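So the structure is just underneath, and the comments pick up after that.
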Protein chains: 2
Amino acid sequence: MNAPFLSLSRRLRRTPFSPGVEAAGVKAYTVYNHMLLPTVFRSVEEDYHHLKEAVQVWDVSCERQVELRGPDAARLMQMMTPRDLRGMMPGQCFYVPIVDETGGMLNDPVAVKLAEDRWWISIADSDLLYWVRATAHGWRLDVLVDEPDVSPLAVQGPKADALMARVFGDAVNDIRFFRFGHFDFQGRDLVVARSGYSKQGGFEIYVEGGDIGMDLWNALMEAGRDLDVHAGCPNLIERIEGGLLSYGNDMTDDNTPHECGLGRFCNTHTAIGCVGRDALLRVAKEGPVQQIRALEIEGDAVPICNDWWPVLSEKGRKVGRVSSAAWSPDHKTNVAIGMVKLTHWDEGDEVEVVTPDGPRKGIVHETFWA
Amino acid sequence: MNAPFLSLSRRLRRTPFSPGVEAAGVKAYTVYNHMLLPTVFRSVEEDYHHLKEAVQVWDVSCERQVELRGPDAARLMQMMTPRDLRGMMPGQCFYVPIVDETGGMLNDPVAVKLAEDRWWISIADSDLLYWVRATAHGWRLDVLVDEPDVSPLAVQGPKADALMARVFGDAVNDIRFFRFGHFDFQGRDLVVARSGYSKQGGFEIYVEGGDIGMDLWNALMEAGRDLDVHAGCPNLIERIEGGLLSYGNDMTDDNTPHECGLGRFCNTHTAIGCVGRDALLRVAKEGPVQQIRALEIEGDAVPICNDWWPVLSEKGRKVGRVSSAAWSPDHKTNVAIGMVKLTHWDEGDEVEVVTPDGPRKGIVHETFWA
């Protein structure tokens, strides 16, 4: 089928940057945390090349924040994740798998530690607010949990440092990876982190208060004119090349962090208090039986991957699924993310991928392209 | 702006009926509970007239179920809602406001009581599963909570009784409003309820197991050929005329059930165990200061309502918002749903509605059109 239209309603929330996104000629959206997330401006391929060469401004307001505030904030944060947070300092961002009591993934956000008693969880696409609030209430913790008026704006690409320095001053380039600092814009104190959902480098600006959103958008666009700045968005091809997972596509609450290849973010033994600890100790010891892998799919460009594609062994047995796939102009092959059983997850293992256009040969890789 | 395209991915889940929906020429979707929900087949107006005259089959798989099973299922269900569930019998469906500990609306689902120890919650657009599971875990309740493989298919319209009898037998017409029975289709036992998100009458079939989805879809389409059966979907105009609320559009977790005009579904005094009871006792006593109302908006057809439109008093003070609006061909006016302060919520009160095209005169009504 052709790409269908999206019916707009208030339920699919607009963002402080929507006027800029529309003026820049957004062609398509997805819906993420009940909010509009642009997916294409010129074309997925043009946006891809531009992202790797220049700098883009991304409306990622849909990375909503769950804010924890109060004496039990750190305890509640640790209850959510098998990553040991004891060594985390204010000013740091941690990628944290969030698990339920069975060790199933509920979200894979970035935790932002603002202070000992104040955190933001910058969430992927599920209503983590409901899990966190009910947990705080059920365990009678002394903590406020809500969704603040914070809309992240990402600046991504090799020229991100240059652009950001023009708007926030040179000091912004001193921010280290997954650290953040406080910077002034129009008298407003904003959290600026070196992070983002691409492998091209860049920043995420946590814009508090929607009223200054378009001023910041316009300031970045004007300051970056000679850097060829352009409105952009998370790019399907680039994120697959880089192995950046997408919650709901590449994993669901059926999967443990270990299956998602996120074992390195789990310190299950010492993550005391994590509600999924008992369940995950077992997995941590024995290892998962399936795991996220890079897959190369041979042949011409694959169609849009809007459902899981079965991955079969040479004997026709199901040994996995492909969850994200796209043609890579730079690597001249189809790049994909899938979950593969341990019998077929070694480098170079050959499998059959059942695409809607028919079966294709797939080659499993232990590392991603970027 | 023109209607944008929707980028498809696995994260926006397809349903067991997607092949039928696509073959019927779906023109646009929205995203609801991380799933595709059709919004237009022929045109919103054509679909509207047809729904009121004939019978439609709706893919409402996105009404996902949260299943509660075990000795504490009924206790957990009562913790969620200020509606007193003690008198509810197996075989009944109850519309239940779901509230947090502050009395804010988290969802407005239909609860389906399968047995004393087994319930389905047929949810509106938010991940209620997260709230219910964390509550069960935090309070250490003896209950299993998960999302079963159940995809509702609705049959709506004045000829729904005739069509359903042809597929399920005449006994299906004995089901009373908001009751359900068990009916056989291809040897599978299915729950069939007299319910649905329209005021035209009809049924919702809870299809367990996606594998029989298209068989049932096709059986209904074939049996109803001479009834002019057509693929359809919840219709924006018809639901506004009928005052059927949409979670995320017309209300959010900022609103109490009383503000939403759902006070008649609250028995807060006797709903012992409801986590929001303390907060709501206060509101139940004093009444809300703003409430959902029908609004007539004068002039030509309004544009798409994709953001809250301010509602102003004669003095220019903000006294509410419009959250859903559309031109009604039958009533020859713009019908709308809004939240209005008590100073302006009486029948016939005049207000100003600030639409994207400019201000319009609005008239407040205490009852909806259908």
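The values are calculated or read from the model by the stated rules, or taken from the named source; none is laboratory data. If you're wondering where the values come from, they're calculated on a predicted model, not measured in any experiment. For neighbour counting, all protein chains shown are included, and Cβ atoms are generated from backbone atoms with ideal geometry for every residue, glycine included.
Scanning the stretch B:151-162 for residues that are out of contact with any Gly (no Cβ under 7 Å at 6 or more places or on another chain) and more than 18 Å from B:Met214 (Cα to Cα), we see that the one that is surrounded by the fewest Cβ atoms within 10 Å (Cβ to Cβ) is B:Ala162.
Taking the numbered list (1) at pLDDT below 95; (2) within 20 Å of A:Ala111 (Cβ to Cβ) in turn, A:Gly209 passes all entries but (2). Comparison of A:Val364, A:Val302 shows that the only residue that is more than 22 Å from the chain's Cα centre (by Cα), in a loop (DSSP other than H, G, I, E, B) and touching a residue at least 24 places away in the same chain (Cβ under 8 Å) is A:Val302. The residues of the stretch A:206-229 that are in contact with a Phe, Trp or Tyr (Cβ under 9 Å, 6 or more places away or on another chain) and outside any helix (DSSP H, G or I), listed by number, are A:Tyr206, A:Val207. The C-beta contact set for the stretch B:105-118 (first residue buried (at least 24 other Cβ atoms within 10 Å of the Cβ), second residue among the charged types (D, E, K, R), distance under 7 angstrom, 6+ apart or interchain) comprises B:Met105/B:Asp253; B:Leu106/B:Asp100; B:Leu106/B:Asp253. When we screen A:Thr256, A:Thr252 for residues that are away from every other protein chain (no Cβ under 14 Å) and at negative phi, the only hit is A:Thr256. If you filter the stretch A:263-276 down to residues that are surrounded by fewer than 22 Cβ atoms within 10 Å (Cβ to Cβ) and of a type outside the set (Gly, Ala, Ser), you find that the one that is nearest to the chain's Cα centre (by Cα) is A:Phe265. Return a yes/no flag: does the stretch A:11-23 have any residue that is at the interface with chain B (Cβ under 7 Å from one of its Cβ atoms), touching an Asp or Glu at 6+ places or on another chain (Cβ under 7 Å), crowded, with 22+ Cβ neighbours inside 10 Å and at negative phi. Within the stretch A:11-23, one or more residues are at the interface with chain B (Cβ under 7 Å from one of its Cβ atoms), touching an Asp or Glu at 6+ places or on another chain (Cβ under 7 Å), crowded, with 22+ Cβ neighbours inside 10 Å and at negative phi.
Yes/no per residue for (1) within 28 Å of B:Glu147 (Cβ to Cβ); (2) in the same structural domain as A:Met77 (by TED's automatic domain parsing); (3) of a type in the set (D, E, K, R):
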| position | (1), (2), (3) |
| --- | --- |
| A:Gly248 | yes, no, no |
| A:Asp253 | yes, no, yes |
| A:His269 | no, no, no |
| A:Ile272 | no, no, no |
| A:Asp307 | yes, no, yes |
| A:Leu312 | yes, no, no |
| A:Ala325 | yes, no, no |
| A:His331 | no, no, no |
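Matching residues to (1) touching an Asp or Glu at 6+ places or on another chain (Cβ under 7 Å); (2) on the phi < 0 side of the Ramachandran plot:
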site	(1), (2)
B:Ala3	no, yes
B:Lys27	no, yes
B:Asn33	yes, no
B:Ser43	no, yes
B:Tyr48	yes, yes
B:Glu53	no, yes
B:Gln56	no, yes
B:Arg64	yes, yes
B:Ala74	yes, yes
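Taking (1) under 23 Å from A:Trp308 (Cβ atoms); (2) of a type outside the set (Ser, Thr, Tyr); (3) part of a loop (DSSP other than H, G, I, E, B); (4) without any contact (Cβ under 8 Å) to a residue 12 or more places away in the chain in turn, B:Cys62 satisfies each apart from (4).
Of the residues in the stretch A:131-150, none is more than 14 Å from chain B (Cβ to nearest Cβ), buried (at least 23 other Cβ atoms within 10 Å of the Cβ), of a type in the set (Val, Ile, Thr) and not in a helix (DSSP H, G or I). Remark: pairs (first residue in the stretch B:175-197, farther than 19 Å from B:Val96 by Cα; second residue part of a loop (DSSP other than H, G, I, E, B); Cβ separation under 6 Å; 6+ apart in sequence or on different chains) = B:Gly181/B:Ile175. Within the stretch B:303-316, being surrounded by fewer than 21 Cβ atoms within 10 Å (Cβ to Cβ) and not polar (S, T, N, Q) holds for B:Pro303, B:Ile304, B:Asp307, B:Trp308, B:Pro310, B:Leu312, B:Glu314, B:Lys315, B:Gly316.
Candidates in the stretch A:277-299 are the residues that are part of a helix (DSSP H, G or I) and small (Gly, Ala, Ser); of these, the one that is farthest from B:Leu36 (Cα to Cα) is A:Ala284.
Residues in the stretch A:110-130 that are under 21 Å from A:His34 (Cα atoms) and touching a Leu at 6+ places or on another chain (Cβ under 7 Å) were compared, and the one that is farthest from the other protein chains (Cβ to nearest Cβ) is A:Trp120. Taking the conditions exactly as written (in contact with a Phe, Trp or Tyr (Cβ under 8 Å, 6 or more places away or on another chain) and either more than 10 Å from chain B (Cβ to nearest Cβ) or assigned to a loop (DSSP other than H, G, I, E, B) (or both)), does A:Leu85 satisfy them or not? Against the criterion (in contact with a Phe, Trp or Tyr (Cβ under 8 Å, 6 or more places away or on another chain) and either more than 10 Å from chain B (Cβ to nearest Cβ) or assigned to a loop (DSSP other than H, G, I, E, B) (or both)), A:Leu85 qualifies.
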